[in-house]
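Trainee: Input: one structure, supplied below.
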Amino acid sequence: MTGLTLNLALISVIGGLLSLDRRAAMQLMLSQPLVAVSLLGWMMGYPQDGVLLGALLQLIWMSCVLFGANVPRNDTLASVSIGGVCFLYASYVQPLDEATWTLAILLGVPICVLGQWLDIKLDHLNLGLAAKADEAALVGDTKSISFSIFQAILRIFLVNATAVAVTTATVLY
């Protein structure tokens, strides 16, 4: 595998893990654009650019708040994809400049709508797992309950990691 492919895989894994923090597990606010893109920038060797880009993206999605039945735009998916595009471009093409940042943001912002759609679809799929867990709880089958939770978390990770890989590669190329 080439360095570009490995770095894209690393960005995808980071995006998948951060997506778990968004709604599925932990909720430590690591999925916020400021933290997510800063972490990504640090991992790719661009810590200062990561903080600056993360702060800008945090301002763009300041109103993306998870509460009640609200499913906001997926700022995590879009931010990690935008950051991934910028850092891969800087690593393999030329150093980052304002035009690159602007183009990556303009092309990457609509990804948050795709992420919102994926969140809604995953919620509907996970309702089936919740029903299975409820049935298992009635008979005291804790192993099935644990497996349903694991399936839901794995599904969210895989879908979001794949989405990061596809969107990052598409915008980059």
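The values are calculated or read from the model by the stated rules, or taken from the named source; none is laboratory data. Bear in mind the structure is a predicted one, so any value in this text is a computation, not a measurement. Reconstructed Cβ throughout: ideal geometry from the backbone, glycine too, with neighbour counts over all protein chains shown. Calculation scope for accessible area: heavy atoms of the full protein, side chains included, ligands and nucleic acids excluded. Shrake-Rupley method; radii C 1.70, N 1.55, O 1.52, S 1.80 Å.
Trainee: Among the residues of region 73-90, how many are hydroxyl-bearing (S, T, Y) and open to solvent by 10 Å² or more (accessible area, probe 1.4 Å)?
Mentor: Count: 1.
Trainee: Right, next: Return the pair list, or none, for Cβ contacts closer than 9 Å from residues in region 44-65 that are under 13 Å from C86 (Cβ atoms) to residues that are aromatic (F, W, Y) and open to solvent by 70 Å² or more (accessible area, probe 1.4 Å), at least 6 apart or on different chains.
Mentor: Qualifying pairs under 9 Å: G50/W42; V51/W42.
Trainee: I'd like the full set of residues that are open to solvent by 70 Å² or more (accessible area, probe 1.4 Å), of a type in the set (S, T, N, Q) and closer than 30 Å to I149 by Cβ, limited to region 21-61.
Mentor: Within region 21-61, just Q27 meets the criteria.
Trainee: With respect to C64, is the statement that it is open to solvent by 20 Å² or more (accessible area, probe 1.4 Å) and in contact with a Cys (Cβ under 9 Å, 6 or more places away or on another chain) true?
Mentor: Yes, satisfied.
Trainee: Tell me which of these V109 doesn't satisfy, since it passes every other one: (1) open to solvent by 40 Å² or more (accessible area, probe 1.4 Å); (2) among the hydrophobic types (A, V, I, L, M, F, W, C); (3) over 24 Å from L56 (Cβ atoms); (4) touching a residue at least 40 places away in the same chain (Cβ under 8 Å).
Mentor: Exception for V109: condition (3).
Trainee: Return only the number of the condition from (1) over 18 Å from the mean Cα position of the chain (by Cα); (2) surrounded by fewer than 17 Cβ atoms within 10 Å (Cβ to Cβ) that W101 does not satisfy.
Mentor: (2)
Trainee: Further question on the same structure: I'd like to check something: does region 37-54 contain any residue that is over 21 Å from I156 (Cα atoms), of a type in the set (S, T, N, Q) and touching a helix residue (DSSP H, G or I) at 6+ places or on another chain (Cβ under 9 Å)?
Mentor: Yes, region 37-54 contains at least one residue that is over 21 Å from I156 (Cα atoms), of a type in the set (S, T, N, Q) and touching a helix residue (DSSP H, G or I) at 6+ places or on another chain (Cβ under 9 Å).
Trainee: Select from region 20-40 the residues that are small (G, A, S) and part of a helix (DSSP H, G or I) and list them in ascending order.
Mentor: Once the filter is applied, which keeps residues that are small (G, A, S) and part of a helix (DSSP H, G or I), region 20-40 yields A24, A36, S38.
Trainee: Which members of region 121-161 meet the condition of being open to solvent by less than 80 Å² (accessible area, probe 1.4 Å), within 16 Å of N74 (Cα to Cα) and either of a type outside the set (D, E) or over 26 Å from the mean Cα position of the chain (by Cα) (or both)?
Mentor: L122, I156, F157, V159, N160, A161
Trainee: From the list L40, L77, L52, which residue is modelled with pLDDT of 95 or more and more than 15 Å from the chain's Cα centre (by Cα)?
Mentor: It is L52.
Trainee: On the phi < 0 side of the Ramachandran plot, in a loop (DSSP other than H, G, I, E, B) and open to solvent by less than 70 Å² (accessible area, probe 1.4 Å): is that true of N70 in this structure?
Mentor: In short, yes.
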